[in-house]
Each structure stands twice: as C-alpha cells, then as structure tokens.
Amino acid sequence: MSRLAELARPRPSNKLLQASNNLLQAEGRCELCGGAIPDEHRHVADVQAQSLLCACRACVVLLGREGAGGGHFKLVPERRRLLEGFVLTDEQWAALQLPVELAFFFRSTAAGRVVALYPSPAGATESQLGLDAWEELERSNPILGELEPDVEALLVNRTGGARDHYLVPIDDCYELVALIRTHWKGLAGGPDVQREVGSFFDRTRAHAGEVA
C-alpha cells in the first residue's frame, strides 16, 4: 500500500471524487425521490453524470425492472464473484500501465470505453488504459464480457503479494476508495489504512461466490 503515496499524483476528476464522497456520508434521504432511507441501502448509477445515488426501497424495486431507468439510471447489482483461475500475468499487468497494484475496471457508457481507476489518498484516479492490453485480457478471461456496463467492475488486488480478482458492484470499489481517503495518514498511509483495506477484502471474499 505504501506505493500509493508516491504514485497518487494525477488529480481525480470531480465526478469520480464525488462518487466516493457520497459513500463517505450517511445520507438520510433517497437521492431520487427524497424518501427516507436506512443506513444500509442500495445505490443507483446515474449513467450520464457518472455518479452514484443513494436509493430507497421503493426506487430500488422500481429500477430493478428491466429498462425502468431508460438508460439514464441503473440499479447497482449485488453479485460478487471471486474469479478463481483468472489469467493476469505480471507482463499483462505491466501492459495495463497502472502505477499501483490495486485497481478496478468498468465499462463506461458515457466514456464509450473501459475505464481503469486506482484508489489514492486524493480519491479515485483514472489511469490511461491501452485498448490492446484490455482486449488481450478479455480474450484470456471471457467472463469480463459479462460485466454489466456502468455498475459492475473487475477489482484487482495485487498488494502484498496477493493475486486476487473479483467481479463486484461498482459501489464496492468506491467504498474502497473512500476507506483509503478517510484512513490515509502521512506518506505511506499508515497501519490504519492497511487494516481497513485488509478488512474490506476479507468481507469481499466472504460474500463472494467462486467462479472458475
């Protein structure tokens, strides 16, 4: 995790920063209809604004119907998968041109491409992603073609010698970004952020079914 401090130089976009900020706050109202929501609630992606909105139960039910969001709003799904047997060699990772060993990838409708982001003390920072490198990764791992645009992501954790790959809801990724921003101290992050990140992946693994 200490490499994040020295490599978190690019400024995150305002939209991406806001997505993680939303998860730092305990929202009391649905951001779609204004209704009350509990602390534990689902999220909806505003595809055009590239942001996440807190949603009440009624809006979740409504947007859970196919096509209900009209391509503007999409309910963030809840499936989590540990991708056993995922093929990502050190050479393939290097070809993705990521400066750190913790990142997530999702198909952005607004951008018209796959977006690569990594957490940093400043928020979610976008990294340039070579199309050829991503296409090679997709050929090696057909499950990447199942990622639902805008709301599901490939989350890769290679920190501390780990080689873990997950298919997760996009709000999990921004929760991770928020944890790092909140708990980072000093130049190297400190033990608090390492503990929080470790706990995050423990929870993710516990909730994830395995996919070969």
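Rule-based calculations on the coordinates, nothing more; no lab input. Treat the numbers as computed from the prediction; the structure is a model and nothing was measured. Counting neighbours? That spans all protein chains shown, and the Cβs are built from the backbone with ideal geometry, glycine included.
Normalised by 2.2 N^0.38 Å, with N the number of residues, the alpha-carbon radius of gyration of segment 80-147 equals 1.11. Explain nothing, just the number: relative contact order of the chain, from Cα pairs under 8 Å at least 6 residues apart, as a whole percent. Worked out over the chain, it gives 26 percent. Rounded to the nearest whole Hz, the Karplus-based 3J(HN,Hα) values (6.51 cos²θ - 1.76 cosθ + 1.60, θ = phi - 60°) of segment 132-141 follow the sequence 4, 5, 5, 4, 5, 5, 5, 5, 6, 9, with x at glycine and proline.
At 0.692 mPa s and 37 °C, plugging the Kirkwood radius over alpha-carbon pairs of segment 87-212 into Stokes-Einstein gives what diffusion coefficient in µm²/s? In µm²/s, the coefficient is 218. A dipole drawn for segment 53-178 from +1 and -1 charges on Cβ atoms has a positive end, and of Val168, Phe73, Ala110 the residue lying farthest that way is Phe73. Given a cut-off of under 8 Å on Cα pairs at least six residues apart, what relative contact order in percent is computed for segment 19-135? Normalised by residue count, the contact order of segment 19-135 is 18 percent. The alpha carbons of segment 148-212 stretch over 37, 25, 17 Å along the principal axes, in descending order.
Couplings 3J(HN,Hα) for segment 65-80, derived from phi with the Karplus relation 6.51 cos²θ - 1.76 cosθ + 1.60 (θ = phi - 60°), are 7, 4, x, 5, x, x, x, 8, 10, 9, 5, 6, x, 10, 6, 9 Hz, where x marks Gly and Pro.
Looking only at segment 125-162, which residues have a backbone nitrogen under 16 Å from a spot 7 Å from the Cα of Ser199 in the C-beta direction? Label zone hits: none. Placing a pseudo-label 7 Å from each Cα along the Cα-to-Cβ vector at Ser108 and Leu187 gives an inter-label distance of 3.1 nm. Exposure proxy shown here: for Val151, Val87, Val168, the number of other Cβ atoms within 10 Å sets the order, fewest to most, as Val87, Val151, Val168. Computed from the alpha carbon atoms alone, the convex hull of the chain holds 119 Å³ per residue.
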